[in-house]
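For reference, the structure discussed in these notes is given below.
Bear in mind these aren't lab numbers, they're just calculated from the coordinates by the rules spelled out. Because the structure is predicted, anything quoted here is derived from the model rather than measured. In this analysis, Cβ positions are derived from the backbone assuming ideal geometry, glycine residues included, and neighbour counts consider all displayed protein chains.
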Amino acid sequence: MFFALSEEQVALEETVRDYLGDRFGIDRVREVFEDADGDGHPAELWKAMGEQGWLAVLVPEEHDGLGLGMVDAQVLARAFGAWVTPGPWRGTVLAAEAIRLAGSPAQQAEWLPKLASGEAVGAVAFDNPWVEYGAVADVLVAEQDGALVLSARAGFDAVNVEQLDLTTRLARVSVRDSEPLAGSAPVVAELRDRAALLAAADLAGIARETVDRTVAYDIDRIQFGKPVGSFQAIEHHLADLHAAAAMSIHAVLYAAHALDAGLPDASAAVSVAKAKASDTAVATSGAMIQYFGGIGFTWEHDAHFYWKRAKRLARTHGDAAEHRERLAATLIG
């Protein structure tokens, strides 16, 4: 079966990547990264995400959203991975998805337009009390006893925790007051799949970008009178990484389509995508450090942004081993 992005989705990807490159490139990411005491939530970038419709991608049109699907959302997530973009985009999109899937009409009317526009910041908490951008969230969706609850800002406490990947911020969250999302029990697993898929898409973006940057550098870098990339040991390894990055992107794309279409293999496809993208992004970002030579190990180079983000996201919403175990249980029992 031939499967690819539509012309509109390709244009969306190009637009997002170009916008980030022009307005919030790696130099701006470095400012966020090196401001360890900051909230990691640049106001101008957040405003742009709201104005560009990136926060509204999955919100229904009747609640001021775009009403698109996971294929479109993964396009955005891959672009954010490629630019190691900071900000609570994923948590906000997932909180909106939880409310869309399981919230009452009143909860949807109250929160979805705010999340779609960027007026409100969202966050989600599953098993891990460390929540992305919990300290700046206006609304938190948390899993409790197999169901989902919604907590407004006054109902939960959040304290930032130290971490290596400062392209985001993590907070330890405890919920004091919440209200149930009444229809949540049947959709907890679906929301977990959507969370894993968006993390996998970010990782796939990291994988593709780090391979491309490494190849470009090793074509230009000359040792012993030849480009480093022409040496067989490096050339063959980079070819393998290139193939793995391409497979990660296709795995993510199919999993997003399966979720949109409600296909019976959707959960299995998500596990394939998350396991593949996790392993690949860690491998490609590690190779970037190695193949950039001495400069790749330095704080001044960009490589550590990608490696640290890849290492964190590889464990977020299930690591590769967990998803392989889930896949084995699904396919062979």
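Only helical runs count toward this figure. For the chain, summing -39,500 (n - 2.57) over DSSP H runs of n ≥ 4 and dividing by all residues gives -19000 deg cm²/dmol at 222 nm. Between W299 and A328, the simple spin-label model (points 7 angstrom out along Cα→Cβ) gives 4.2 nm.
In straight-distance terms, cross-link reach from K276 covers every one of the lysines whose alpha-carbon lies under 25 Å from its own, apart from those fewer than eight places away in the same chain; here that gives K308, K311. When the chain is treated as a Gaussian network with alpha carbon springs shorter than 10 Å, the biggest mean-square fluctuation among I206, I295, I26 belongs to I295.
Going by the alpha-carbon gyration tensor, a ≥ b ≥ c the square roots of its eigenvalues, is the chain rounded (a/c under 1.5) or, if a/c is not under 1.5, prolate (a/b greater than b/c) versus oblate? Because a/c hits 1.5 or more and a/b exceeds b/c, the chain counts as prolate. Evaluating 6.51 cos²θ - 1.76 cosθ + 1.60 at θ = phi - 60° for every residue in the range 152-159, the Karplus couplings come out as 6, 4, 6, x, 9, 9, 9, 10 Hz, glycine and proline recorded as x. Applying the Karplus relation 6.51 cos²θ - 1.76 cosθ + 1.60 with θ = phi - 60° to the range 8-15 yields 3J(HN,Hα) values of 5, 6, 4, 5, 4, 4, 5, 5 Hz, where x marks Gly and Pro. The string of couplings for the range 22-38 from the Karplus curve (6.51, -1.76, 1.60, θ = phi - 60°) is 7, 9, 8, x, 4, 4, 6, 4, 4, 4, 5, 4, 7, 8, 4, 8, x Hz, one whole number per residue in order, with x for Gly and Pro.
Listing V141, V215, V84, V159 from the residue with the fewest other Cβ atoms within 10 Å to the one with the most, what is the order?
The order, fewest Cβ neighbours first, is V159, V215, V84, V141.
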